[in-house]
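Below: the structure, in structure tokens.
The values are calculated or read from the model by the stated rules, or taken from the named source; none is laboratory data. Note that the structure is a prediction, hence the values are computed from the model and not measured. For neighbour counting, all protein chains shown are included, and Cβ atoms are generated from backbone atoms with ideal geometry for every residue, glycine included. Just so you know, the surface numbers come from the protein's heavy atoms only, side chains and all, with ligands and any DNA or RNA stripped out. Shrake-Rupley method; radii C 1.70, N 1.55, O 1.52, S 1.80 Å.
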Amino acid sequence: METHCKLLLYLDRRRYLINMRDVCKDFIVNLDEKTIRKFPPLRFLLEIDVMDMYDLLPSLGDFLLREPLKWQSICNDIFYACFKSIDSEYVQNVESAQLAVILRLKSVPRYLSSDSRNSLKSISGLLVTISKPASYVYHTVWSCPEECEGNEVILHYIPKHPPKCYVCKSVLYENGGFRRCGEQVKATFKIKNSLLCKTFNIVDDLIPYLRLGARYILTTVILKKSIFVWSLQETNVLQAPITTPIPCDIKELFEACDGLPWKFIYCLASSIGVQISPLNCFMHVKINLLLSLASVKANILTNSSILHFLAAGHDTGYVGNLMKEAAKIADRHILLGNSNSSVSTSLIASSGGVCLMPFPFHTYNQKQTYEILSAIETGEISTSKAKIECAVWTQGNDFKKIVLYNVASIFGNVTRGDYGEYSDDLGDFILEQTSEPVKISNEEIEALKDVALYIDLVAGYEVSLDKATEALLSNYFLAARKERPKAVSIGSMNALVAICMTSARLCRRSVTNIQDAVFAIWLHVSGIPEPRFAPEEYLGTPGDIRRLQVIMSNFKGWLEQFTGSVIM
């Protein structure tokens with residue numbers, strides 16, 4: 001009885017009792033002699049702030065977590081008592097089974113969730129698929145064939161076996177016209193830290209909150225053979241404060257690089273795939289992978305453009321391995337391949353992360369490649385009408401030039417893969433591995449963790465283009481289009497802008513500068529299929545940072561002549 005009093009006190013203090021009474025009055029106003037014989041149902045939506053309840057009555061909050069069904073049953077009793085308190089001739093003809101309270105919870109503390117059966121439990125997951133709405137029964141009326149007075153039975157489900165009359169023990173039949181139905185959908189979630197997806201029935205008022213690719217915390221009641229979803233809340237990632245300290249090693253690295261984007265990002269990217277390839281190989285690949293990772297997390301917080309990854313070369317086997325290693329830094333990654341051939345499901349399931357295409361691009365069937373390119377170009381997944389919120393990584397080793405130009409125009413940027421220039425280094429690396437296999441040191445693991453943490457910290461920076469950067473990108477785009485229109489598409493301009501903004505974001509700046517533009521153009525020219533605009537000696541990505549500085553200085557001189565711009 002003490003629990004009933006506490007719950008009644010809480011509902012009164014938060015003015016829920018007044019709302020219950022108002023709903024009951026509106027219900028009675030619409031009753032007459034004809035409608036009351038049809039046993040109309042009345043449901044009251046009760047939204048409870050659990051943290052507010054803990055602040056006011058902690059014991060009541062504990063009882064809700066331990067015994068949610070009993071808690072709801074008490075709410076039903078209170079709701080029926082409110083109904084009985086109204087002065088009307090129809091009140092006596094309404095049964096308690098016709099009234100029900102639908103609980104919806106918010107601000108449920110996850111660390112207070114209980115693991116025992118019949119208790120509340122929070123589940124975190126990403127919404128992958130939603131079925132079409134279907135009807136379900138929440139109110140049925142069963143009558144006696146002998147017409148015994150007062151023996152109609154109201155149930156909130158359809159029983160496996162019809163009930164019997166309490167008086168004559170006859171089998172009751174259902175009054176189909178009195179049945180009340182609602183809408184429900186089957187929603188499949190990719191559960192955090194679980195290999196398997198789970199499907200839940202989401203009903204009525206919760207359906208409008210569902211959005212493919214969004215992450216939710218579901219408050220559920222787990223019974224012996226079923227799981228009921230009481231509420232769901234979409235989770236949003238918050239920006240880290242600008243004053244948040246960054247890892248000491250990265251701070252020292254940034255100062256040692258004098259804040260130059262090409263030098264700093266080059267050093268950050270060198271932490272990727274240390275055990276897969278030598279440090280001085282595939283730096284162009286590693287830089288673009290790092291930029292793509294940063295753009296995905298920035299898209300979640302600032303809705304900025306996502307940089308997709310397309311690598312081309314004679315042999316891209318090592319590129320594929322580097323892609324798999326870099327994808328581990330992302331919040332999630334899904335492989336589109338033999339066991340998972342659905343493009344739409346892969347793109348949705350990898351929201352906030354990376355959709356990885358481990359096989360060469362040309363090995364996927366025409367339908368898959370069309371869906372991928374369409375999603376990147378339009379920003380929407382055509383089959384589900386959901387927004388694409390992941391980066392697509394792919395590579396190919398036998399692109400024909402015309403095909404590469406068409407695909408690159410949608411991806412916006414091409415990464416230079418393996419054209420045979422690293423054969424000697426790779427041969428020595430493989431030979432060394434056969435005698436002394438490479439072991440991942442604790443320093444390398446911590447370095448990758450620091451890179452992932454640093455991306456999280458800087459992802460929330462709102463970046464804008466300054467006039468000098470915009471002018472240089474515009475001049476380069478016009479000059480390149482005049483030189484070779486096929487090599488530079490509209491998508492290339494979008495990628496150049498996105499690289500500039502991502503470069504500034506990684507350097508913790510809210511405004512781009514001319515160095516970001518030079519770096520973006522250098523990456524773009526380096527990935528263009530041969531023959532390229534700039535001399536070959538200006539486009540290499542050496543393992544020595546000093547050689548890279550010489551290359552960048554020479555590239556700036558060429559860029560000034562090519563665009564007619566003055567680069568300070």
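Annotations for the structure displayed:
- Given (1) more than 24 Å from Val407 (Cα to Cα); (2) outside any helix (DSSP H, G or I); (3) open to solvent by less than 20 Å² (accessible area, probe 1.4 Å), number of the condition Ala534 does not satisfy: (1)
- Residue count for region 439-467, restricted to those that are farther than 20 Å from Ile329 by Cα, open to solvent by 50 Å² or more (accessible area, probe 1.4 Å) and in contact (Cβ under 8 Å) with a residue 24 or more places away in the chain: 3.
- Of the residues making up region 46-92, just one is touching a helix residue (DSSP H, G or I) at 6+ places or on another chain (Cβ under 7 Å) and of a type in the set (Lys, Arg), namely Lys84.
- Residue count for region 84-112, restricted to those that are modelled with pLDDT under 90 and more than 12 Å from Arg43 (Cα to Cα): 19
- Condition check for Lys169: out of contact with any helix residue (DSSP H, G or I) (no Cβ under 7 Å at 6 or more places or on another chain), loosely packed, with under 14 Cβ neighbours inside 10 Å and either on the phi > 0 side of the Ramachandran plot or assigned to a helix (DSSP H, G or I) (or both): yes
- Every residue from region 221-234 that is part of a loop (DSSP other than H, G, I, E, B) and in contact (Cβ under 8 Å) with a residue 60 or more places away in the chain: Leu223, Lys224
- A single member of Ala311, Ala327, Ala269, Ala256 is in contact (Cβ under 8 Å) with a residue 40 or more places away in the chain and farther than 19 Å from Pro529 by Cα, and it is Ala327.
- Test: Ser526 is surrounded by 14 or more Cβ atoms within 10 Å (Cβ to Cβ), at pLDDT 90 or above and hydroxyl-bearing (Ser, Thr, Tyr): no
- Reported count of residues in region 391-429, each being open to solvent by 80 Å² or more (accessible area, probe 1.4 Å), at pLDDT 75 or above and not charged (D, E, K, R), is 1.
- Residue within region 333-349 that is in a loop (DSSP other than H, G, I, E, B) and at pLDDT 85 or above present: yes
- Qualifying residue in region 199-220 (condition: out of contact with any Pro (no Cβ under 6 Å at 6 or more places or on another chain), in contact (Cβ under 8 Å) with a residue 40 or more places away in the chain and open to solvent by 100 Å² or more (accessible area, probe 1.4 Å)): no
- Residue match in region 361-374 (condition: in contact (Cβ under 8 Å) with a residue 60 or more places away in the chain and of a type in the set (A, V, I, L, M)): no
Per-residue answers, yes or no, for (1) under 26 Å from the mean Cα position of the chain (by Cα); (2) in a helix (DSSP H, G or I); (3) not acidic (Asp, Glu):
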residue	(1), (2), (3)
Ile372	yes, yes, yes
Ile376	yes, yes, yes
Glu389	yes, no, no
Val392	yes, no, yes
Tyr419	no, no, yes
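- Selection from region 321-332 of residues that are open to solvent by 10 Å² or more (accessible area, probe 1.4 Å) and either of a type in the set (Ser, Thr, Tyr) or out of contact with any Cys (no Cβ under 9 Å at 6 or more places or on another chain) (or both): Asn321, Lys324, Glu325, Lys328, Ile329, Asp331
- Selection from region 223-235 of residues that are open to solvent by 50 Å² or more (accessible area, probe 1.4 Å) and at pLDDT below 85: Lys224, Lys225
- Filtering region 37-62 to residues that are under 27 Å from Glu95 (Cα atoms) and surrounded by 15 or more Cβ atoms within 10 Å (Cβ to Cβ) leaves Phe39, Pro40, Pro41, Leu42, Arg43, Phe44, Leu46, Ile48.
- Picking from residues in region 271-286 that are more than 15 Å from Thr394 (Cα to Cα) and β-branched (Val, Ile, Thr), the one that is surrounded by the most Cβ atoms within 10 Å (Cβ to Cβ) is Ile272.
- Restricting attention to region 8-56, the residues that are touching a strand residue (DSSP E or B) at 6+ places or on another chain (Cβ under 9 Å), over 24 Å from Phe178 (Cα atoms) and not in a helix (DSSP H, G or I) add up to 5.
- Selected residue (only one of Ser474, Ser526, Ser510 is farther than 20 Å from Asp258 by Cβ, in contact (Cβ under 8 Å) with a residue 40 or more places away in the chain and not hydrophobic (A, V, I, L, M, F, W, C)): Ser526
- Scanning region 118-142 for residues that are open to solvent by less than 60 Å² (accessible area, probe 1.4 Å), small (Gly, Ala, Ser) and modelled with pLDDT of 85 or more turns up Ser122, Ser124, Gly125, Ser131, Ala134.
- Applying the set (1) touching a helix residue (DSSP H, G or I) at 6+ places or on another chain (Cβ under 7 Å); (2) modelled with pLDDT of 90 or more; (3) assigned to a helix (DSSP H, G or I) to Asp249 leaves exactly one unmet item: (2).
- Failed condition for Lys190, given (1) open to solvent by less than 50 Å² (accessible area, probe 1.4 Å); (2) in a strand (DSSP E or B); (3) touching a helix residue (DSSP H, G or I) at 6+ places or on another chain (Cβ under 9 Å): (1)
- Pair list, Cβ under 7 Å, 6 or more apart: region 540-555 residue of a type in the set (Phe, Trp, Tyr), other residue open to solvent by less than 70 Å² (accessible area, probe 1.4 Å) and at pLDDT below 85: Phe555/Ala534; Phe555/Tyr538
- Where Cys281 falls short, out of the listed (1) assigned to a loop (DSSP other than H, G, I, E, B); (2) in contact with a helix residue (DSSP H, G or I) (Cβ under 9 Å, 6 or more places away or on another chain); (3) closer than 22 Å to Glu462 by Cα: (3)
- Note on region 482-495: among residues that are open to solvent by 90 Å² or more (accessible area, probe 1.4 Å) and basic (Lys, Arg), the one that is farthest from Leu238 (Cα to Cα) is Lys482.
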